[in-house]
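The values are calculated or read from the model by the stated rules, or taken from the named source; none is laboratory data. What you see is a predicted model; the values in this text were computed from it and never measured. FYI the Cβ positions are ideal-geometry reconstructions off the backbone, even for glycines, and counts take in every protein chain you see.
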Amino acid sequence: MVVLPVSNRSTPYSLNPTKIIALGLNYHSHIAESHSVKVRGFTEEVPAEPILFPKTPNVLIGPGQPIIIPKFLLDYRFEDLRTDYEAELAVIIGRTCKNVSLEDAMKCVFGYTCINDVSQRNLQTGDRAGWFRGKSLDTFGPVGPRIVLAEDIPDPRNLRIQCRLNGATVQDSSTSHMIFPVAETIAFISKNFTLMEGDLIATGTPAGVGRIHHGDVVEVEVEGIGVLSNPVIEEWK
């Protein structure tokens, strides 16, 4: 659980989702860099429907808390150990919804925040079960710095999204480039799973993903929401 301030409200919100559903390959530019990421399931083909994967709630941390790359990864003796940042817009569901229509999907949104979909690439590539473990290690889902209510972001389809690594801009795009925008994503997910109040949807990342190492500081900024900043710690150092 992460407690975040809410725009125009004095009471903070306890973000405690039953599930976190994330989208893969939701920006054309990220698909184009699939060759550099070298993860199973990344291709240059534009998906016909949203590609969904889970992140478990244990990933959640707040602003300023460290992203911890766990020591057990050294036991695998990977030739090229790689953990990446991924800047994304996160959608917080405001009410239970199932089989919601495209026209009604946005009525289910409580608000928005930033999320860093931290990804352990070696596990994501090698696990026969797919992306689950590499996306769900402890601390691999920083969120914040606040929640902005849906009424204060009437159009989430045109927000600048950036990531900075140690002050240098490494991702710079717009949610207008999403293949599947928020409403379509909610409608699709709710056909498959009942979405509960407080559930979180990570809407995918644009091009520019890259590695993080001990001592780095990662900043994710979404227009109108603010800057989410987290340091990186390699547990063995």
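Can we say K135 is under 16 Å from I21 (Cα atoms) and crowded, with 19+ Cβ neighbours inside 10 Å?
Considered against the rule, which asks whether it is under 16 Å from I21 (Cα atoms) and crowded, with 19+ Cβ neighbours inside 10 Å, K135 comes out as yes.
Does at least one position in the stretch 192-210 carry a residue that is charged (D, E, K, R), at pLDDT 95 or above and not in a loop (DSSP other than H, G, I, E, B)? Explain how you work it out, then say what you get.
Of the residues in the stretch 192-210, the ones charged (D, E, K, R) are 197, 199.
So of that shortlist, the ones also at pLDDT 95 or above come out as 197, 199.
Within this subset, residues satisfying the condition of being not in a loop (DSSP other than H, G, I, E, B) are none.
Checked against the condition, which is being charged (D, E, K, R), at pLDDT 95 or above and not in a loop (DSSP other than H, G, I, E, B), the stretch 192-210 yields no hits at all.
Considering the stretch 166-209 alone, what residues qualify as being farther than 26 Å from I93 by Cβ, loosely packed, with under 15 Cβ neighbours inside 10 Å and either touching a strand residue (DSSP E or B) at 6+ places or on another chain (Cβ under 6 Å) or polar (S, T, N, Q) (or both)?
N166, T169
Whether any residue in the stretch 154-165 is in contact (Cβ under 8 Å) with a residue 40 or more places away in the chain and surrounded by fewer than 16 Cβ atoms within 10 Å (Cβ to Cβ) is what I want to check.
Checked the stretch 154-165: at least one residue is in contact (Cβ under 8 Å) with a residue 40 or more places away in the chain and surrounded by fewer than 16 Cβ atoms within 10 Å (Cβ to Cβ).
Of all residues in the stretch 136-174, how many are in contact with a Lys or Arg (Cβ under 6 Å, 6 or more places away or on another chain) and either assigned to a loop (DSSP other than H, G, I, E, B) or closer than 19 Å to S7 by Cβ (or both)?
The qualifying residues number 1.
When you go through (1) buried (at least 23 other Cβ atoms within 10 Å of the Cβ); (2) part of a helix (DSSP H, G or I); (3) of a type outside the set (A, V, I, L, M) one by one for N122, which number turns out not to apply?
It is condition (1) that N122 fails.
Checking the conditions here, which among H30, H35 is buried (at least 16 other Cβ atoms within 10 Å of the Cβ) and at pLDDT below 95?
Only one candidate passes the filter, namely H30.
If I go through the stretch 214-227 residue by residue, how many of them are over 18 Å from Y112 (Cβ atoms) and either buried (at least 19 other Cβ atoms within 10 Å of the Cβ) or touching a residue at least 60 places away in the same chain (Cβ under 8 Å) (or both)?
Of the residues in the stretch 214-227, the ones over 18 Å from Y112 (Cβ atoms) are 214-218.
Filter once more, so that each one left must be either buried (at least 19 other Cβ atoms within 10 Å of the Cβ) or touching a residue at least 60 places away in the same chain (Cβ under 8 Å) (or both): 214, 218.
Going through the stretch 214-227 one residue at a time, the tally reaches 2.
Hey, can you tell me all the residues within the stretch 228-237 that are surrounded by fewer than 22 Cβ atoms within 10 Å (Cβ to Cβ) and under 11 Å from A87 (Cβ atoms)?
None - no residue of the stretch 228-237 is surrounded by fewer than 22 Cβ atoms within 10 Å (Cβ to Cβ) and under 11 Å from A87 (Cβ atoms), so the list stays empty.
Here is a check on your reading of the model: is V109 touching a helix residue (DSSP H, G or I) at 6+ places or on another chain (Cβ under 9 Å), in contact (Cβ under 8 Å) with a residue 12 or more places away in the chain, within 22 Å of L228 (Cβ to Cβ) and not polar (S, T, N, Q)?
Answer is yes for this residue.
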